[in-house]
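One structure below.
The values are calculated or read from the model by the stated rules, or taken from the named source; none is laboratory data. Everything quoted here is computed from the prediction, not taken from an experiment. As a convention, Cβ positions derive from the backbone with ideal geometry for all residues, glycine included, and neighbour counts pool all protein chains shown.
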Amino acid sequence: MTHRAIRSLREDDIVVTSYPDSGGEYLVELLPWLLQQQSPSLNELYDPDICSSIYSHPSRLKLLEHMSRCEIEAMTSPRVFLTHLWAAHFPSDVIQKRIKIIHVVRNPKDVATSLFHRLRRQGVFSFQQFLDLYLANQISTGHQMGFLRQLREFQYCYKDHPLLEIQYEDMVKKPIDVIQNLGYFLQVPVSGSLCDHILSSNGFLHSLGQADQSNQSGDGEHGHVAGAVGDWKNTFNMAQNETFNFFLFQTQRDLNINFCYD
């Protein structure tokens, strides 16, 4: 079954789209609180045979493109799906049924840093080696600017499609504003008591900015701070930062995104 041929979506589904390592998985855990107006059951979102919670292993969250039709149909409404699919590969149902899309975007330097540390678990390579491949668009995910540009093309073609863009950094720094914007977009009530309950209980908020000790290397490199805003400064050297800035100058034109880097 091709991605565009996925025919199991419902009109009240919500699709969270993000480039890998942009924080979309955390939003997927937040949304059920709003939709259910209470502490939700999240068992459908991750594989219990792999991990007990995506707070500690967010990469284990099931992606829509990796789910079988039976898995999709077995989920109870309202359903929330995460996808890293580029917009050209969205299932046709997303467009035909005008399914709400929430796009989580994160600053490109932290995305590249997080992606490097995650991929490095699969083999030993330097950040410079990773950066050379990333900037040349030679990694399997493609680079983030290509992903964002294709989403902008989707928005241009489907101007009336319901789509909300959330900046990851706002999730970290201004969570109440994000929660209220989500409530307005989803047309669900957001009370002060619900916000307080989410902020005091939601594992996503407690997990952001916590050091991932599994990324502490034996050669004395810093431990990658998973989810922290501005952690790229601990990985990029001056020359790499200048190279990346030039890459952004060339590729982010007309995207109309004011990235927050610290």
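Points to keep in mind about this one:
- The listed residue being assigned to a helix (DSSP H, G or I) and at pLDDT below 95, out of H206, H222: H206
- Region 4-41, subset at pLDDT below 85 and not charged (D, E, K, R), residue surrounded by the most Cβ atoms within 10 Å (Cβ to Cβ): I6
- Pairs with Cβ under 8 Å, 6+ apart, first in region 185-199 and under 14 Å from L35 (Cβ atoms) and of a type outside the set (S, T, N, Q), second outside any helix (DSSP H, G or I) and modelled with pLDDT of 90 or more: F185/K100; F185/I102; F185/P162; F185/L164; L186/I14; L186/K100
- So S56, is it modelled with pLDDT under 90 and not in a strand (DSSP E or B): yes
- Among the candidates I176, I166, residue that is closer than 24 Å to A228 by Cβ and surrounded by fewer than 19 Cβ atoms within 10 Å (Cβ to Cβ): I176
- Residue in region 68-93 that is nearest to L35 (Cα to Cα), counting only those that are of a type in the set (A, V, I, L, M) and touching a strand residue (DSSP E or B) at 6+ places or on another chain (Cβ under 6 Å): V80
- Failed item in (1) touching a helix residue (DSSP H, G or I) at 6+ places or on another chain (Cβ under 9 Å); (2) closer than 27 Å to V188 by Cβ; (3) free of Cβ contacts under 8 Å to residues at least 40 places away in the same chain, with F130 passing the rest: (2)
- Region 154-163, residues that are surrounded by 13 or more Cβ atoms within 10 Å (Cβ to Cβ) and out of contact with any Leu (no Cβ under 7 Å at 6 or more places or on another chain): F154, Y158, H161, P162, L163
- Reported count of residues in region 72-100, each being β-branched (V, I, T) and closer than 13 Å to V28 by Cβ, is 2.
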